[in-house]
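Single-structure report; data block below.
The values are calculated or read from the model by the stated rules, or taken from the named source; none is laboratory data. As the structure is a prediction and not an experimental result, all values here were calculated from the model. Counting neighbours? That spans all protein chains shown, and the Cβs are built from the backbone with ideal geometry, glycine included.
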Protein chains: 2
Amino acid sequence: MSIADLHAPPYYMVSFSSQRTEGDNGYGEMGYTMVELAKQQPGYLGFESARGADGFGILHSYWKDEESIRAWKAVVDHVEAQRRGRADWYARYEVRVALVQRAYGFDNEGI
Amino acid sequence: MSIADLHAPPYYMVSFSSQRTEGDNGYGEMGYTMVELAKQQPGYLGFESARGADGFGILHSYWKDEESIRAWKAVVDHVEAQRRGRADWYARYEVRVALVQRAYGFDNEGI
């Protein structure tokens, strides 16, 4: 995974903090499907994901506006409903929808 | 790490997405110091962190308002300046300051 290359703010972020259950249970395949679907959505700007060995992870998806996020949520709910209950993958999660107001960074990779 | 227990939005989030360099180079100690300092700051609400084996990580700190974030940034800059250049720890990072507008979750841990 790497840092999403985005235009200057404002833009929206959907943050997904979660504690995974034990075992894969189809999670890896679902994650791949979700990212591929997200990329096709209107208003999609980028994606970031990190998960530690303890099973705690944070995912970010970035969006142009709230309308894009609502449409994406409908897709997510549909995919999850097609497959299995959320309890199979997550012990707990929290979704936060936020408006990014400022951003700044550092790059030592010479890109 | 675990999910931060916060009151209902609105509140602010500082998201720090980063690619770590190889080796610790005092990073672990710095991280511990930073979190301890953050907890003492006015307006601090919570903290989350996840980093994968590939060195890509996402940290969230949560704050009451923008004034709290500005004060915290002054502390961060001071601590980093006291120690070593950012380039020792990070190949690249991006900081995003965002206003969390909505949040919802799921908890199967029975807490």
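Restricting to strands (runs of 3 or more DSSP E) lying wholly in region B:1-84: which have 2 or more residues that are out of contact with any Lys or Arg (no Cβ under 9 Å at 6 or more places or on another chain)?
Details: elements: B:11-20, B:44-51, B:56-63.
Ranges flagged: B:44-51, B:56-63.
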* Among the numbered conditions (1) under 14 Å from the mean Cα position of the chain (by Cα); (2) facing chain B (nearest Cβ under 10 Å), tell me where A:T33 comes up short. => (2)
* Scan (1) touching a helix residue (DSSP H, G or I) at 6+ places or on another chain (Cβ under 7 Å); (2) without any contact (Cβ under 8 Å) to a residue 60 or more places away in the chain for the single condition A:V97 breaks and write down its number. => (2)
* Search region A:100-110 for residues being at the interface with chain B (Cβ under 7 Å from one of its Cβ atoms) and without any contact (Cβ under 8 Å) to a residue 40 or more places away in the chain, and hand back the single one that is nearest to the chain's Cα centre (by Cα). => A:Y104
* Asked: Scanning for something surrounded by fewer than 17 Cβ atoms within 10 Å (Cβ to Cβ) and either of a type in the set (S, T, N, Q) or under 18 Å from B:I3 (Cβ atoms) (or both), does region A:2-16 turn up at least one residue?
  -> yes
* To do: Check region B:72-80 and report whether any residue there is crowded, with 18+ Cβ neighbours inside 10 Å and modelled with pLDDT of 95 or more.
  => no
* Any chance you could count how many residues in region B:1-58 are free of Cβ contacts under 8 Å to residues at least 40 places away in the same chain and at positive phi? => 3
* Inspect all residues belonging to region A:72-86 and state whether any of them is within 11 Å of chain B (Cβ to nearest Cβ) and in contact with a strand residue (DSSP E or B) (Cβ under 8 Å, 6 or more places away or on another chain). => yes
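Suppose we filter region B:36-58 for residues that are surrounded by 15 or more Cβ atoms within 10 Å (Cβ to Cβ) and either of a type in the set (S, T, Y) or more than 14 Å from every other protein chain (Cβ to nearest Cβ) (or both); how many remain? Quick ask: steps written out before the conclusion?
Residues of region B:36-58 surrounded by 15 or more Cβ atoms within 10 Å (Cβ to Cβ): B:37-38, B:41, B:43-52, B:55-58.
Those still in the list that are either of a type in the set (S, T, Y) or more than 14 Å from every other protein chain (Cβ to nearest Cβ) (or both) too: B:37-38, B:41, B:43-44, B:49.
So the count comes out to 6.
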